Amino acid sequence: MKTKYLQLINPLKWVKASRLKKKDGQYDKSKSDLELNLYSKILKNDMLHYGYFEDPETPADTISIKDIEDAQVKYAQNIIDLITDKKGLILDVGCGMGGLSAILTEQKFKAEALTPNKNQIRHIQQKYPAIPVHNCKFEDVTETKIYKTVINSESFQYINLDKGLEKINAITEPGARWIITDYFRLHNDGINKSSHLYDEFIATIEKSNWKIVYQKDITPNILPMLRLLNLYVERFLFPIKNFGFEKLRYKQGFLYYLTQELREGIDGKIHKEVASIDPVKFENEKKYMIFALERK
């Protein structure tokens with residue numbers, strides 16, 4: 001026991017900890033998203049989104065892994081059905097693990113994938129070597145190719161709206177189609193500030209050289225996935241976390257009090273993440289949309 005505590009005042013340990021802290025400050029989530037990498041190990045169809053459930057009232061405790069993967073394929077097909085140019089080049093922006101690009105390729109579309117995430121790049125190159133993949137953020141694309149269709153499947157929220165419009169105009173021509181499936185904030189309130197404001201997005205598009213030709217609110221169809229995630233958090237994550245903390249308190253009281261700040265940080269992170277998957281909060285604060293836009 002004494003040896004464990006002496007490690008805490010070992011200067012070499014503090015030097016290593018300091019180096020790790022510096023690396024933490026350099027962590028770029030877009031280039032190495034640990035959460036998405038975890039999800040990809042659980043779901044094997046290489047898609048990292050909420051899916052599309054035909055029955056919005058599907059009970060959370062009846063949903064299987066196969067149901068999730070089927071819903072994700074249905075979500076992908078909703079996107080594919082909006083592609084009007086069947087022979088033109090397609091860019092799948094924020095392609096994740098390559099699931100949508102793979103389906104597009106299977107259906108004889110000419111698809112290219114784009115992601116700044118090094119883990120996703122490695123996975124796609126190994127599993128789908130025939131799919132060209134660009135290792136960069138959308139705003140940093142240097143391609144001179146002209147794409148007939150650009151798809152943002154749950155990736156548009158990470159792109160600056162003005163910069164995104166500037167870039168998509170550089171890689172498309174009039175008549176091109178831009179398909180966006182993502183959630184939008186209804187107002188500025190709420191703990192989770194990710195995604196664009198819906199009204200701001202609509203106003204910006206109306207002033208641009210793009211027009212909305214199709215839109216559908218699919219919020220009800222993604223809520224079963226949120227209810228499932230919330231169920232697992234309430235029944236497994238919280239009890240396991242509380243058990244671990246209490247176990248530490250009883251077995252290693254000194255370490256328990258020494259790590260108070262760390263534990264509070266973990267609780268804060270969990271609180272923020274759980275708020276983003278709370279189905280009631282989501283429905284009150286956000287709207288999940290499918291848009292098809294055409295360039296004028």
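Structure values in brief
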| read-out | value |
| --- | --- |
| Residue, farthest from the chain's Cα centre (by Cα), within segment 249-296, restricted to residues that are β-branched (Val, Ile, Thr) and closer than 21 Å to Tyr50 by Cβ | Val280 |
| Helices (runs of 4 or more DSSP H) wholly inside segment 76-184 containing at least 2 residues that are in contact (Cβ under 8 Å) with a residue 60 or more places away in the chain and in contact with a helix residue (DSSP H, G or I) (Cβ under 8 Å, 6 or more places away or on another chain) | 118-127 |
| Listing of helices (runs of 4 or more DSSP H) fully contained in segment 200-296 that carry 3 or more residues being within 18 Å of His187 (Cα to Cα) and in contact (Cβ under 8 Å) with a residue 60 or more places away in the chain | 260-276, 279-285 |
| Residues of segment 142-174 satisfying the condition of being more than 22 Å from His196 (Cα to Cα), surrounded by 13 or more Cβ atoms within 10 Å (Cβ to Cβ) and of a type in the set (Ser, Thr, Tyr) | Tyr147, Thr172 |
| Residue that is modelled with pLDDT of 95 or more and under 19 Å from Lys137 (Cα atoms), where the choices are Thr219, Thr181 | Thr181 |
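The values are calculated or read from the model by the stated rules, or taken from the named source; none is laboratory data. All figures in this text were calculated on a predicted structure; none of them were measured in a lab. A quick note on method: Cβ atoms are made from the backbone with ideal geometry, for glycine too, and the neighbour counts reach across all protein chains shown.
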